[in-house]
Amino acid sequence: MKNNSATQKHYRSCNLCEAVCGIVVEHQEGKIISIKGDKDDPFSKGHICPKAVALQDVYNSPDRLKQPLQKTKSGWEQISWKDAYQITADKIKEIQAQHGKDSIAFYQGNPSVHNYGTMLFSGNLRKALKTKNNYSATSLDQLPHQYVAQIMFGHPLMIPVPDIDRTDYFLIIGGNPLASNGSMMTAPGVAGRIKAIQKRGGKVVVVDPRKTETAKKADQHIFIKPVADVYLLLALINQVFVQKGIDLKSAKNYCVNLDEIERICKDYSTEKVSEFTGVDSSIITTLASEFMNANTAVCYGRMGVSVQEYGTICQWLINVLNIITGNLDSPGGHMFPNPAVQVRRGKNRTMKPRWYSRVSKKPEFMSELPTTVLAEEITTEGKGKIRGLIVSAGNPVVSSPNGPKLAKALEQLDFMASIDIYKNETSQYADLILPPLTGLEVDHYDLAFYNLSVQNVAKYSPALYEPAPNTQFNWQIFKELSNRIRPPKSIKAKLMNWWQTPTRLLNLGLKTGPHKLSLKQLKKNPHGIDLGPLTPMLPTNLFTKDKKVNLAPEILLEGMELVHSNFKKPSSARLKLISRRHVRSNNSWMGNIERLKGGSNKCTLQINPKDAEGMADGQLVQVRSVTGSIKVTLEITVDMMPSVVSILHGSQPNNNELTDLSVMDPITGNAIFSGVEVYLKI
Ligand SMILES: Nc1nc2c(c(=O)[nH]1)N[C@H]1C(S)=C(S)[C@@H](COP(=O)(O)OP(=O)(O)OC[C@H]3O[C@@H](n4cnc5c(=O)[nH]c(N)nc54)[C@H](O)[C@@H]3O)O[C@H]1N2
Ligand SMILES: Nc1nc2c(c(=O)[nH]1)N[C@H]1C(S)=C(S)[C@@H](COP(=O)(O)OP(=O)(O)OC[C@H]3O[C@@H](n4cnc5c(=O)[nH]c(N)nc54)[C@H](O)[C@@H]3O)O[C@H]1N2
Ligand code: SF4
Ligand SMILES: [Mo]
């Protein structure tokens, strides 16, 4: 930042969530005067949420770490970057020399995908570590989306998004974009986009066990019992067959195995499903009829249907519902973005896992094992046991099921390093913390989320602040650590290593991308460039070998066995725990920021009055599950479906002291956060 006495405006994208809103930061002499929505951003058009304003608080936070820390007998001590790098690299090399490559694990958390330098350079560290023990927040979140994308469309990043700006019918299952600002769907200002659907005569329906902020703005809200969505989806698909609404439109030329779909859903009548889901049979019939008869329609399922026992099956059936009603790859339906830097690269990959986890034999996917097995891989003796861990931009002690079990496991490690801007519940177990620059201090291009964007756009934001002396970017940390662990040997490798910087790689990606842009062009357009609405791209751009979409992949049909066998008696009437988000929360961090605290941003247990007899609003109760127990304040509200309770995710008390590590999505190993049985005690 130039030290100039006149006020200046800095335009950038907010990197805190998937919405990628344009912001304008007014500053003077190094101080921020205001942070507002950038009305000239062609995508977000001025929309922001309260978190963007808090970017200045992240920058100014007294809790922010500025120098590497080492844990000593007398507490945390500041050390130089040089020493931090050397100690970390030496320790890793020593452990790997003694116990093999897999004895070191690497976990990457959510902010990794909001920083293009991290995305481009964390792979260097993975390559240098050569471990099979790679983990990330993917398997606490969207792994089912990516797995299904791979198996149906041939690439884990070939993920369709709802064409929300042109659709006539938007069916949201287990997502609350008005709080989360949208996920696996980059759509800044989602409230306005939903309103626009209604204004043009369309309909918005939300299926959720909680009457969410989004449900309140929708035309219809349908309460559903947690983890029952799979039955609703099967009944909807069945109804499309029954009501003779099958019409794949042009997708019929490249979609195969429709017969199998008809077969698997035939037993799921609306009447039978009603008992399992808590949704009236007539509501399901009407929903199916409206969906298939709408001019354009799209079904979108998010966290609520991903982090549950049938997460992968649900994401598959959502794709199927969109396809059989003629809504795949067509305007107003489920479409594929075409980002300026193409992240969907390479040939079609096989679905065959290349390795399995040591203890419970869970499959690798995209070179990662599910985070649900991390704790057991640390605590189970034997060859290949994890003895060292690097955590980058993550807080798995709070964010993974049975957090306390993982915390206990971390105590057993011989060495742990955290790359994080704060001390957190996870990094307290580390021997070293390496704090990178972040937010306003970093330049930004949204490599990850333009691939999920409901409109094709591109924007580059320079850093607002020059890096202070003795600071490092995330990418520099990865590069330096990798070079020390496994130095490049050949002249070519050395040259490449020297040449590669985030901006150079970005420029190359833009120039070779489908829109043939350059960094120079983006710099000339500080508000961003509109690349137009999404366009059809199938079957040409399919990554499957035969350029076909298999509607009924074998492994998912096998997964249906469990769905069928559990369709005998509805689940118990005990209380089921789910999570929620608040517009001023951000996973497990930013809770230290004053301006985001208070009001409705409270970590309460929301409960329906019917389930709270003899209890009072504001009362502290003990919540118990098979895993653990926490004390939490009650918030009695009719917004909750009876028999369902909800706790804010990422806050204290931590709802992941109640979730269970021993259960997971059987197909992918994805974590389960929804539908956990709990008991209350006053
Ligand atoms: N019960 C329950 N559990 C859940 C969920 C739920 O809904 N319910 N949601 C799940 C989901 S969707 C996710 S994505 C995970 C998130 O879980 P994680 O990804 O493990 O954790 P975060 O809470 O996002 O923690 C991010 C950490 O990165 C740090 N950080 C912020 N910016 C930077 C940066 O620029 N560089 C570096 N190096 N560090 C940075 C922060 O200080 C923080 O410590 O939680 C999952 N857990
Ligand atoms: N403000 C804020 N924004 C965020 C985040 C944040 O922490 N705070 N986190 C970011 C991250 S990492 C992610 S992944 C996204 C998540 O984005 P979303 O998925 O939109 O966010 P959630 O609020 O978790 O919404 C999940 C919804 O599923 C419902 N649900 C739970 N279980 C079930 C079920 O079994 N069936 C059905 N049908 N519904 C169910 C819940 O009531 C909730 O309304 O948000 C991102 N944006
Ligand atoms: S919605 Fe997300 S990207 Fe937009 S301002 Fe808020 S946190 Fe930033
Ligand atoms: Mo997430």
To the nearest 500 deg cm²/dmol, what mean residue ellipticity at 222 nm is calculated for the chain from DSSP H runs of n ≥ 4 alone, each contributing -39,500 (n - 2.57), summed and divided by the residues? -8500 deg cm²/dmol
Gyration tensor (Cα only) of the range 68-143 to equivalent ellipsoid, semi-axes in Å sorted down, yields 24, 18, 13
Gain in span if fully extended, Gln78 to Val626, counting 0.36 nm per residue against the direct Cα distance: 193.2 nm
With an 8 Å Cα cut-off and a minimum separation of 6 or more residues, compute the relative contact order for the range 572-681 in percent. 38
Per residue solvent-accessible surface (Å²) - the range 1-141, probe of 1.4 Å: 43
DSSP beta bridges in the chain, what fraction antiparallel, as a percent rounded to 5? 50
Can you give the FRET efficiency to the nearest 0.05 for Lys489 and Ser600, using r as the Cβ-Cβ distance and R₀ = 56 Å? 0.50
If you find the alpha carbon centre of the range 1-72 and of the range 503-525, how far apart are they in angstrom? 23
Full extension between Ser34 and Ser367 adds, at 0.36 nm per residue less the Cα distance, a length in nm of 115.6 nm
State which entries of Lys45/Lys203; Lys73/Lys101; Lys127/Lys347; Lys93/Lys489; Lys73/Lys130; Lys423/Lys479 exceed 26 angstrom in Cα-Cα distance in the structure shown. Lys73/Lys101; Lys73/Lys130
List the lysines whose alpha-carbon lies under 19 Å from that of Lys272, not counting same-chain residues fewer than 8 positions away? Lys225, Lys568, Lys569
Measure nothing but the geometry: give the 0 to 90° angle between the long axis through the Cα atoms of 229-242 and the longest principal axis through the Cα atoms of the chain, rounded to 10°. 50
Ignoring any ligand, DNA or RNA, what whole percent of the accessible area of the chain comes from carbon and sulfur when the probe is 1.4 angstrom? 51
Principal axis dimensions, the range 440-484 - Cα atoms, whole angstrom, descending: 39, 25, 9
Specify the inter-centroid distance of the range 336-378 and the range 232-257, based on alpha-carbon positions, in whole Å. 30
Could you state the angle between the C-alpha long axis of helix 311-324 and the longest principal axis of the C-alpha atoms of the chain, as a value from 0 to 90 degrees rounded to the nearest 10? 60
Mean separation of Cα contacts under 8 Å, 6 or more apart, over the residue count of the range 596-650: relative contact order %: 48
Quick calc, Lys511 & Glu94: beta-carbon distance into FRET formula, R0 41 Å, rounding 0.05, result 0.45
Distance from the range 155-170 to the range 258-321 (C-alpha centre basis), Å: 17
Debye intensity ratio in log₁₀ form over the Cα atoms of the range 572-681, taken at each q of 0.21 Å⁻¹: -1.16
Here, Ser250 and Ser360, labelled 7 Å along Cα→Cβ, have an inter-label distance in nm of 4.4
Counting only C-alpha contacts under 8 Å and six or more residues apart, can you give the relative contact order of the chain as a whole percent? 20
How big is D, in µm² s⁻¹, for the range 600-655 by Stokes-Einstein at 20 °C and 1.002 mPa s if Rh is the Kirkwood radius over C-alpha pairs? 187
Just to confirm, what accessible area per residue do you get for the range 293-373 at 1.4 Å probe, in whole Å²? 31
Going Cα to Cα from Lys494, which aspartates and glutamates come in below 15 Å? Please leave out same-chain ones fewer than 8 positions away. Glu480
What span do the alpha-carbon atoms of the chain cover on each of the three principal axes, reported in whole Å from largest to smallest? 67, 56, 50
Would you mind getting the accessible area per residue of the range 572-681, heavy atoms of the protein chains only, 1.4 Å probe, in Å²? 41
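The values are calculated or read from the model by the stated rules, or taken from the named source; none is laboratory data. All figures in this text were calculated on a predicted structure; none of them were measured in a lab. Glycine gets a Cβ as well: all are built from the backbone with ideal geometry, and neighbour counts include every protein chain shown. Keep in mind that these areas ignore ligands, DNA and RNA; they rest on the heavy atoms of the full protein, side chains included. Shrake-Rupley method; radii C 1.70, N 1.55, O 1.52, S 1.80 Å.
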